[in-house]
Amino acid sequence: QVQLVESGGGLVQAGGSLRLSCAASGRTFSNYAMGWARQAPGKEREFVAAISWNGGSRYYADSVEGRFTISRDNAKNTAYLQMNSLKPEDTAVYYCARADRGSYYGARYDYWGQGTQVTVSS
C-alpha cells in the first residue's frame, strides 16, 4: 500500500518561507508524478503544484506561481514544496498526492497523505 507522509508545516509570518516534504513508501516512487494540494476550512481543495516522474515538467496554479517551487528527490522517495513570500491566504492544510502515471497531465491522484498545517499570520 502506498503511504505518503507530509511534514514541514507550521506557523510563519507573512513574507516568510516554509519547505514541505512528502515522504513516500514503496519502491516505485520514481515512476509517478507527484502533486501538492491544499484545503482551508470551508473551502474547496485547490491543486497548487505537480511534477512529472523525473522532474522534467512542472505545473503551478496561478495563485502560487512565482512563489512556490515543487521538486523531488527520487533517491530519497521524497517530494518537496518550497513556499516563499507566503501570504495569509496560503493558510491551509497541505497534502501531497501520487498520480497514477509519470506525467501529471491527465493523471488521477489516487493516494494522498494526511496533510500538514500551514498557517501564515498577517
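Assorted remarks:
- Scanning region 66-98 for residues that are open to solvent by less than 40 Å² (accessible area, probe 1.4 Å) and touching a helix residue (DSSP H, G or I) at 6+ places or on another chain (Cβ under 6 Å) gives a single hit, N77.
- Members of region 80-122 that are in contact with a Lys or Arg (Cβ under 8 Å, 6 or more places away or on another chain), hydroxyl-bearing (S, T, Y) and farther than 15 Å from G15 by Cβ: Y80, Y94, Y95, Y109, Y111
- Evaluating G106 against the criteria (1) open to solvent by 60 Å² or more (accessible area, probe 1.4 Å); (2) free of Cβ contacts under 8 Å to residues at least 12 places away in the same chain leaves one unmet condition, (1).
- The selection criterion, being more than 28 Å from S121 (Cα to Cα) and free of Cβ contacts under 8 Å to residues at least 60 places away in the same chain, holds for N54.
- Hits in region 84-111 - residues which are in contact with a strand residue (DSSP E or B) (Cβ under 9 Å, 6 or more places away or on another chain), over 17 Å from R45 (Cα atoms) and basic (K, R): K87
- Of all the criteria given as (1) modelled with pLDDT of 95 or more; (2) in contact with a strand residue (DSSP E or B) (Cβ under 8 Å, 6 or more places away or on another chain), the one not satisfied by G15 is (2).
The values are calculated or read from the model by the stated rules, or taken from the named source; none is laboratory data. None of these values were measured; they are calculated from a predicted model. All Cβ positions, glycine included, derive from the backbone under ideal geometry; neighbour counts span all protein chains shown. Ligands, DNA and RNA are stripped out before the accessible areas are found, and what is left, the full protein with its side chains, is counted by its heavy atoms. Shrake-Rupley method; radii C 1.70, N 1.55, O 1.52, S 1.80 Å.
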